[in-house]
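A quick write-up on the structure given underneath.
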Amino acid sequence: MPFQLFVSPLNAGEHLVEGIGQVPELVVVNKTDAADARAIWTAMQQPQMRTVAAKTEDQQAMLSLHRMRALLVKFRTMQVNQLRGLLYEFGVTFRAGRLAGLTEIRVRMAELEDTLPGAMICSVQDQLKRIDGLGQDIDQLEKRMGTWQKQDAACRAIAQVPGIGKLTATALVATMGDAKTFKSGREFAAFLGLVPRQSGTGGKIRLGSISKRGDAYLRTLLIHGARSVMCHAKVPTTWQTQIQARRPANVAAVALANKMARTAWAILAHAQAYQKDYVSVKPA
C-alpha cells in the first residue's frame with residue numbers, strides 16, 4: 001500500500017524526512033504504530049532518502065498567518081459572490097470585479113431601497129459590513145507580514161527580485177527554511193512543482209506539464225508574480241522577451257516563476273544580493 005511518512009522533530013536542529021511516496025515494501029503488514037515505527041526506521045537507513053530542516057518558530061508562525069489570510073480571502077470572495085447572486089435574482093446587476101462591484105453597490109444603495117424589499121435592504125447592508133470586516137482583518141494580517149519582512153534579512157534580499165512582493169517573500173522564506181538543504185535551484189523549483197513531469201521507458205524520456213507537487217500556495221504566488229512581471233515590467237529582460245515570443249502566455253508565466261524560484265534560492269544559499277543582469281556560469 002502507499003505510505004506517506006511524517007516525522008515530528010524534538011529539537012530545532014533535527015531534520016524531517018521529506019516523504020517516501022509509493023514504497024509498498026516499507027509497510028508490509030496492516031498499518032499500526034509498530035509498523036509505522038519500523039517503516040520509519042527502514043526509511044532512515046536508505047542512502048537516497050532526502051531530509052528537510054525543521055522550521056523555526058517564527059517561520060511556522062508566518063506560515064500560520066498566511067493560512068489565516070488565505071481562508072479570510074476565501075470567505076470574502078464567497079460573501080461577495082453570494083451578494084451578487086442574490087441581487088441578480090431581483091434583476092440588479094453590477095460591474096465585474098470585487099472592488100468595482102462593491103463600490104457600485106454602495107453608490108446605488110438609494111436606488112436599491114426603491115427596488116428591493118425592506119428586509120433585503122437590511123440584509124445587504126449587514127453583508128457589506130461583514131465584507132468590510134473581513135477586509136480589515138486581511139489588511140491587519142498583511143501588516144504583520146510586512147513587519148516581519150522588514151525585520152528579516154532573507155525576506156528583504158529576495159524582495160528585490162521582480163515579481164516577489166511581501167506575500168511571496170515571507171511565504172517563500174518560511175516554506176524553504178534553510179536554503180542549503182536544497183542542492184540547487186532546480187531542486188527547489190522541483191520541490192515547488194514548477195518543473196516538467198518526466199515519464200521515461202526504453203531509454204526515452206518524455207517531458208509533460210509541470211508536476212504540481214509541493215506547496216500549491218507558494219507555487220500560486222510565484223506564478224501570479226510572474227504574470228505581474230509579464231504585464232507590468234517597464235524594461236523586460238532579454239530572456240523574458242525571448243520566452244514570451246516563442247511560448248504561450250501560460251507556459252511563459254510558469255517558466256518565469258521557475259526562474260524566480262531559482263533566483264531566490266541562489267540569493268539565500270550564496271548570501272548574495274540580487275543582480276538584474278547576472279548570468280550564471282557552470283564551474284569548470
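The values are calculated or read from the model by the stated rules, or taken from the named source; none is laboratory data. In this text, all values refer to a predicted model and were calculated from it rather than measured experimentally. When we count neighbours, we look across all protein chains shown, and the Cβ atoms used for this are built from the backbone with ideal geometry, even at glycine. The accessibility values were calculated without ligands, DNA or RNA, using every heavy atom of the protein model including side chains. Shrake-Rupley method; radii C 1.70, N 1.55, O 1.52, S 1.80 Å.
Arg130 passes every criterion in (1) in contact with a helix residue (DSSP H, G or I) (Cβ under 7 Å, 6 or more places away or on another chain); (2) farther than 25 Å from Val73 by Cα; (3) assigned to a helix (DSSP H, G or I) apart from (2).
Quick grid of which residues meet (1) among the polar types (S, T, N, Q); (2) outside any helix (DSSP H, G or I); (3) open to solvent by less than 50 Å² (accessible area, probe 1.4 Å):
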{"site": "Arg156", "(1), (2), (3)": "no, no, no"}
{"site": "Gly163", "(1), (2), (3)": "no, yes, yes"}
{"site": "Leu167", "(1), (2), (3)": "no, no, yes"}
{"site": "Phe188", "(1), (2), (3)": "no, no, yes"}
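Each residue in the stretch 248-277 was checked for being surrounded by 14 or more Cβ atoms within 10 Å (Cβ to Cβ) and of a type in the set (D, E, K, R), and 2 of them qualify. Across the stretch 126-151, the number of residues qualifying as without any contact (Cβ under 8 Å) to a residue 60 or more places away in the chain and either touching a strand residue (DSSP E or B) at 6+ places or on another chain (Cβ under 9 Å) or open to solvent by 30 Å² or more (accessible area, probe 1.4 Å) (or both) comes to 12. Taking the listed residues Leu87, Leu116, the one that is open to solvent by less than 90 Å² (accessible area, probe 1.4 Å) and either closer than 23 Å to Leu221 by Cα or modelled with pLDDT of 90 or more (or both) is Leu87, with no other qualifying.
The rows are residues; the columns are (1) without any contact (Cβ under 8 Å) to a residue 24 or more places away in the chain; (2) part of a helix (DSSP H, G or I); (3) closer than 22 Å to Thr181 by Cβ.
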{"site": "Leu194", "(1), (2), (3)": "no, no, yes"}
{"site": "Arg197", "(1), (2), (3)": "yes, no, no"}
{"site": "Lys212", "(1), (2), (3)": "yes, no, yes"}
{"site": "Tyr217", "(1), (2), (3)": "no, yes, yes"}
{"site": "Met230", "(1), (2), (3)": "no, yes, no"}
{"site": "Gln244", "(1), (2), (3)": "yes, yes, no"}
{"site": "Val254", "(1), (2), (3)": "no, yes, no"}
{"site": "Ala273", "(1), (2), (3)": "no, no, yes"}
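Selection of the stretch 232-242 for residues being farther than 19 Å from Val279 by Cα, open to solvent by 50 Å² or more (accessible area, probe 1.4 Å) and in a loop (DSSP other than H, G, I, E, B) yields only Lys234.
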